Amino acid sequence: MIVFGWAVFLASRSLGQGLLLTLEEHIAHFLGTGGAAAAMGNSCICRDDSGAEDRVDTQQQQAENNAVPTVDIRNQPRDPVRPPRRGRGPHEPRRKKQNVDGLVLDTLAVIRTLVDNDQEPPYSMITLHEMAETDEGWLDVVQSLIRVIPLEDPLGPAVITLLLDECPLPTKDALQKLTEILNLNGEVACQDSGHPAKHRNTSAVLGCLAEKLAGPASIGLLSPGILEYLLQCLKLQSHPTVMLFALIALEKFAQTSENKLTISESSISNRLVTLESWTHDPDYLKRQVGFCAQWSLDNLFLKEGRQLTYEKVDLSSIRAMLNSNDVSEYLKISPHGLEARCDASSFESVRCTFCVDAGVWYYEVTVITSGVMQIGWATRDSKFLNHEGYGIGDDEHSCAYDGCRQLIWYNARSKPHLHPCWKEGDTVGFLLDLNEKQMIFFLNGNQLPPEKQVFSSTVSGFFAAASFMSYQQCEFNFGAKPFKYPPSMKFSTFNDYAFLRAEEKIILPRHRRLALLKQVSIRENCCSLCCDEVADTQLKPCGHSDLCMNCALQLETCPLCRKEIVSRVRQISHIS
């Protein structure tokens, strides 16, 4: 979650620079995963205080010129994770250009180690944001991301998304210059096939920009050459990771309707039908490609004559699945409801449809990607704030296992565990013992000591739940098939006790769901949040009254004016 806290921190700096001149940098959360991105925004990371660091350079130069030997701690190497002093004033010269490649690699190296709320954002990350304030600096940062992020690091693409999403919006001139520098086309996609990292990173950059610049700027970015490049990357000769991120980039370009039409006219669906056969491939990288290809065929690039997956999937043995009705549109859930993936820059969360209040329960998760995910148990009172980076384990009502950073999360605090880092294909087990009030986490059958913190605030109403950083995916087993590593103690499974009607199991593609929503009629006096109950509750002291009591009780601030809610009053005149 820490990565999203950084986003909030960096965005707030540009709003309150005048008040923050003498303050030290705030800390932030890393995600994981992690970590949200709508708080990751388009703010420009500017500096405008005394320019102390620039004066240090000047003083040092004068001292050298005068040949006066002095001992100054300012000459000592800077701590690589310490934020810089606040920057130059509006009329002062910019600092000397940093080693961009080194800063990118420093950020990638340190990002997985920042796990505590009191830690400061990495100096390298803040410096990159400052450099990106100019067109030249922004271009340097983008080219460095393409050039140096290694293929094998599971957090590489997420760091690309994090850095670009928090950098200032590029100007039209900067985008034009970038397309000229990259000079992408189908032929370029065939070059350097033995070094797929460059093409993977290029596609990740394009996808991030397409998401950030949705609208006319995205249309302008999708030139014929870039479209040809991404389509060429989908060919079977390409490395699977290049295919994956080229497809994700095309998905994000398709968020703009004109781009969607352009991409659809390229006969992309014919290529995706071939890739869809990889959905259950034993190679977990190909499996990701298959998952995204199937999702795109069902939701974006429809193929005439192809039956939608939800219409043919066999759900007869599934009685518990992921709840697709209380997740954001950014989380992808498979048609059988047991596999989830996040390709957005936010920290997306999901929970199971079945809730337990007593007994001993167990479920398993197969790790498809080895990046930041927080998986475990949440309750009815848990708050999932995807754009602020709050997920499972980030409040007092949930607890989560993080196998990438080797942490246990509770109440937005973490502690290390002794399991090795998880890898693709690993099985994570989750045991909830409500009799003994404890949770036990397993990795490939090896258990950790019990966790009991969450029971100080909650003793019932538990759901299986997970939160995903960008480009992460896993599959859940709630008991519909045999477990790989069942615990030795007696336990129950969700699938044995849950029940779902046939219509409740259906996970509709977006276009089908939107069509149904258009047919729904909403009462004039209904709650503005749930649209089901009558708006019979007034919030105090602001006086707004567009909510039902059920929704009002779940809020701490008014959704209209953001004032704190002191009390909620039911208006008798509205009760029928």
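Which of the residues that make up segment 180-207 are surrounded by 17 or more Cβ atoms within 10 Å (Cβ to Cβ) and more than 24 Å from the chain's Cα centre (by Cα)?
Leu182, Leu184, Val188, Ala189
Of the residues Lys518, Lys563, only one is of a type outside the set (Val, Ile, Thr), in contact with a Pro (Cβ under 8 Å, 6 or more places away or on another chain) and open to solvent by 90 Å² or more (accessible area, probe 1.4 Å); which? Before you say what the answer is, go through the steps one by one.
Details: Lys518 fails: in contact with a Pro (Cβ under 8 Å, 6 or more places away or on another chain).
Checking each option against the conditions leaves just Lys563.
Kindly list the number of the only condition in (1) closer than 23 Å to Cys208 by Cα; (2) at pLDDT 95 or above; (3) open to solvent by 70 Å² or more (accessible area, probe 1.4 Å) that fails for Leu297.
(3)
Listed here are the residues, each with its yes/no results for (1) touching a helix residue (DSSP H, G or I) at 6+ places or on another chain (Cβ under 7 Å); (2) surrounded by fewer than 19 Cβ atoms within 10 Å (Cβ to Cβ); (3) under 19 Å from Ser382 (Cα atoms); (4) of a type in the set (Phe, Trp, Tyr).
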| site | (1), (2), (3), (4) |
| --- | --- |
| Glu311 | no, yes, no, no |
| Asp314 | no, yes, no, no |
| Arg319 | yes, no, no, no |
| Asp326 | no, yes, yes, no |
| Ile333 | yes, yes, no, no |
| Phe347 | yes, no, yes, yes |
| Gly359 | no, yes, no, no |
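Could you look through segment 526-562, keep only residues that are charged (D, E, K, R) and part of a loop (DSSP other than H, G, I, E, B), and pick out the one that is nearest to Glu503 (Cα to Cα)?
Selected residue: Asp532.
Taking the condition of being surrounded by fewer than 23 Cβ atoms within 10 Å (Cβ to Cβ), of a type in the set (Ser, Thr, Tyr) and touching a strand residue (DSSP E or B) at 6+ places or on another chain (Cβ under 7 Å), how many residues in segment 419-476 meet it?
2
Just to be sure I understand the filter: pairs with C-beta atoms under 9 Å, separated by 6 or more residues or on different chains, first member in segment 548-560 and at positive phi, second member surrounded by fewer than 16 Cβ atoms within 10 Å (Cβ to Cβ). Which pairs pass?
none
If you go through segment 394-447 one residue at a time, how many are more than 21 Å from the chain's Cα centre (by Cα) and aliphatic (A, V, I, L, M)?
Within segment 394-447, residues that are more than 21 Å from the chain's Cα centre (by Cα) and aliphatic (A, V, I, L, M) number 7.
Just one of the numbered conditions (1) within 23 Å of Trp295 (Cβ to Cβ); (2) under 24 Å from the mean Cα position of the chain (by Cα); (3) surrounded by fewer than 22 Cβ atoms within 10 Å (Cβ to Cβ) is not true of Leu231; which one?
Status for Leu231: all satisfied but (2).
With the requirement that a residue be basic (Lys, Arg) and farther than 18 Å from Val360 by Cβ, what does segment 473-509 give you? Please lay out each step first, then the result.
Our first condition is that a residue be basic (Lys, Arg); within segment 473-509, this holds for 481, 484, 490, 501, 505.
Result: Lys481, Lys484, Arg501, Lys505.
What do you reckon, is Arg523 farther than 30 Å from Arg306 by Cα, open to solvent by 50 Å² or more (accessible area, probe 1.4 Å) and not in a loop (DSSP other than H, G, I, E, B)? Please lay out each step first, then the result.
Details: farther than 30 Å from Arg306 by Cα: yes; open to solvent by 50 Å² or more (accessible area, probe 1.4 Å): yes; not in a loop (DSSP other than H, G, I, E, B): no.
No; evaluated as a whole, the condition is false for this residue.
Does segment 240-272 hold any residues that are open to solvent by 10 Å² or more (accessible area, probe 1.4 Å) and over 24 Å from the mean Cα position of the chain (by Cα), and which are they?
If the condition is that a residue be open to solvent by 10 Å² or more (accessible area, probe 1.4 Å) and over 24 Å from the mean Cα position of the chain (by Cα), then Glu258, Leu261, Thr262, Ser264, Glu265, Ser266, Ser267, Ser269, Asn270, Arg271 are the ones that fit.
Could you list, in sequence order, all residues of segment 484-515 that are in a helix (DSSP H, G or I), open to solvent by 70 Å² or more (accessible area, probe 1.4 Å) and either of a type in the set (Phe, Trp, Tyr) or closer than 17 Å to Asn323 by Cα (or both)? Write out each step before concluding.
Start the filter on segment 484-515 by keeping residues that are in a helix (DSSP H, G or I), which leaves 494-497, 502-505, 510-515.
Narrowing further to those that are open to solvent by 70 Å² or more (accessible area, probe 1.4 Å): 496-497, 502-504, 510, 512-514.
Across segment 484-515, the qualifying residues are Tyr497, Ala502, Glu503, Glu504, Arg510, Arg513.
Taking segment 563-576 as the region of interest, how many residues are part of a loop (DSSP other than H, G, I, E, B) and at pLDDT 85 or above? So that I can check it myself, show each step before the final result.
Within segment 563-576, the subset part of a loop (DSSP other than H, G, I, E, B) is 563, 565-566, 571, 575-576.
Pick out the ones that are also at pLDDT 85 or above and you get 563, 565-566.
Selection size over segment 563-576: 3.
Hey, Leu236 hits all of (1) under 25 Å from His195 (Cα atoms); (2) open to solvent by less than 60 Å² (accessible area, probe 1.4 Å) but one; which does it fall short on?
It is condition (2) that Leu236 fails.
The rows are residues; the columns are (1) within 16 Å of the chain's Cα centre (by Cα); (2) within 30 Å of Thr262 (Cβ to Cβ).
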| position | (1), (2) |
| --- | --- |
| Asn299 | no, yes |
| Leu302 | no, yes |
| Gln307 | no, yes |
| Val327 | yes, yes |
| His336 | no, no |
| Cys352 | no, no |
| Glu364 | no, no |
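The values are calculated or read from the model by the stated rules, or taken from the named source; none is laboratory data. This structure is a prediction, so every number in the text was calculated from the model and none was measured. For neighbour counting, all protein chains shown are included, and Cβ atoms are generated from backbone atoms with ideal geometry for every residue, glycine included. To get the accessible areas, we keep the full protein, side chains included, count just its heavy atoms, and leave off ligands, DNA and RNA. Shrake-Rupley method; radii C 1.70, N 1.55, O 1.52, S 1.80 Å.
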